[in-house]
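Single-structure report; data block below.
What follows draws every value from the coordinates through simple rules; no lab data is involved. Here the structure is a predicted model, which is why all the values come from computation and not from measurement. For neighbour counting, all protein chains shown are included, and Cβ atoms are generated from backbone atoms with ideal geometry for every residue, glycine included.
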Amino acid sequence: MGIFSPDGALARLLNTLGNLIVLNILTIICCVPVFTAGAAMTALYTMVMRMARKEDGKIISEYFKAFKANFKQATILWLIFGGLIAFMTFDIWLLRSITGTFGMAYRVILFVIVLVFAMLLIHIFAVQARFDNTMKNTAKNALLFCVGKLPQAVLMLLLTLIPAVLLTISYRFISVDFLIGLSGPAYLAAIYFADLFKNYENVEEETVK
C-alpha cells in the first residue's frame with residue numbers, strides 16, 4: 001500500500017487534520033456567546049474522543065447533536081467553574097498593585113487555584129462528553145480522575161495552554177490557533193482520556209446489562 005493510497009497513512013493524517021480544523025472553527029463559533037462555551041467544548045471532546053477511538057461519523061451533524069444533548073448540564077457546569085476561574089483571575093488583576101511578600105504570596109496562591117480549576121474543567125468536559133451522569137457526579141468523577149492521575153492531569157492542562165502560550169510569544173500564531181488551537185490539544189488529550197475511560201466504560205456497560 002503506497003503512501004498516496006486513499007487508505008494510506010498520509011490520507012488518514014490529512015483526513016484527521018481536516019476534521020480537526022472543522023471542529024476547531026465550529027467550536028470557536030459556538031464559544032462566541034461565552035455562556036455556550038461549556039456545551040461547545042463538551043461537543044468538541046465528544047468528537048475528538050470518537051476520532052481517538054476510530055469511530056466514524058459525520059463531523060458537523062454529530063458535533064451539533066452532542067452540543068444539543070449536553071447543552072443544559074455542560075452550560076451549568078461551565079458557568080460554575082468557569083465563573084470561579086474568571087472571578088479569581090479578576091482578583092489577581094485587582095491585587096497587582098499590592099506589593100510585598102503578602103501580596104505576592106496571595107497572587108501566587110490564587111494563580112495556583114485557577115490552574116487547578118482549569119485542570120478540573122478539562123476533565124469535566126471529557127467526563128461529560130463520555131458518560132451520562134448527574135452534574136454532581138460528573139464534577140466528582142472529574143475530580144477523582146484529576147487526583148488519581150495527577151501527573152497526567154497536569155500534562156493535559158499544559159497541552160491545553162499551549163495555544164495561549166504561543167500567542168504570548170507572537171501574534172503570528174493566531175492563524176494556528178484559529179485552525180487547531182482548541183481541537184489539536186483536545187485530540188491529544190482525547191487519546192489519553194479514551195484509554196483512561198476504557199475500564200469505566202466496560203463497568204458501565206455491564207451495569208446497564
So, with +1 on the Cβ of K and R and -1 on the Cβ of D and E, and no other charges, what is the size of the charge dipole of the chain about its Cα centre, to the nearest 20 debye?
260 debye
Degrees between helix 37-52 axis and first principal axis of the chain (Cα, 0 to 90, nearest 10)
40 degrees
Pop the C-beta distance of L10 and T99 into the FRET formula with R0 = 35 Å and round what comes out to the nearest 0.05.
0.05
For a quick check, take a GNM of the chain with Cα springs below 10 Å and name the residue from L167, L13, L26 with the largest mean-square fluctuation.
L13
Normalised alpha carbon radius of gyration of region 1-120 [divisor 2.2 N^0.38 Å]:
1.46
Against the longest principal axis of the chain, how steep is helix 150-169, in degrees 0 to 90 to the nearest 10, with axes from Cα atoms?
80 degrees
List the residues of region 18-44 whose backbone N lies under 18 Å from a point placed 7 Å from the Cα of E62 along the Cα-to-Cβ direction.
18-27, 40-44
So between E55 and L158, what do we pick up on full extension, going 0.36 nm a residue minus the alpha carbon distance?
34.4 nm
What length, rounded to one decimal in nm, is gained on full extension from V108 through to I92, with 0.36 nm per residue of separation minus their alpha-carbon distance?
4.9 nm
Would you calculate the convex hull of the Cα atoms in region 77-156 and tell me its volume per residue in Å³?
91 Å³
Just to be sure I understand: with springs between alpha-carbon atoms less than 10 Å apart, which residue in I60, I122, I21 has the highest mean-square fluctuation in the Gaussian network model of the chain?
I60
Two pseudo-spin positions, 7 Å from Cα along C-beta at L143 and at V32, lie apart in nanometres by 3.7 nm
May I ask for log10 I(q)/I(0) of the chain at q = 0.10, 0.13, 0.14 Å⁻¹, from a Debye sum over the Cα atoms as equal point scatterers with solvent left out?
-0.48, -0.78, -0.89
Kindly express, to the nearest 10 degrees and within the range 0 to 90, the angle between helix 59-94's C-alpha long axis and the longest C-alpha principal axis of the chain.
20 degrees
Per 0.36 nm of contour for each residue apart, how much would the distance between V116 and I25 grow if the chain were fully extended, relative to their Cα-Cα spacing?
30.1 nm
Could you tell me the extents of region 25-93's C-alpha atoms along the three principal axes, largest first, rounded to whole Å?
44, 21, 20
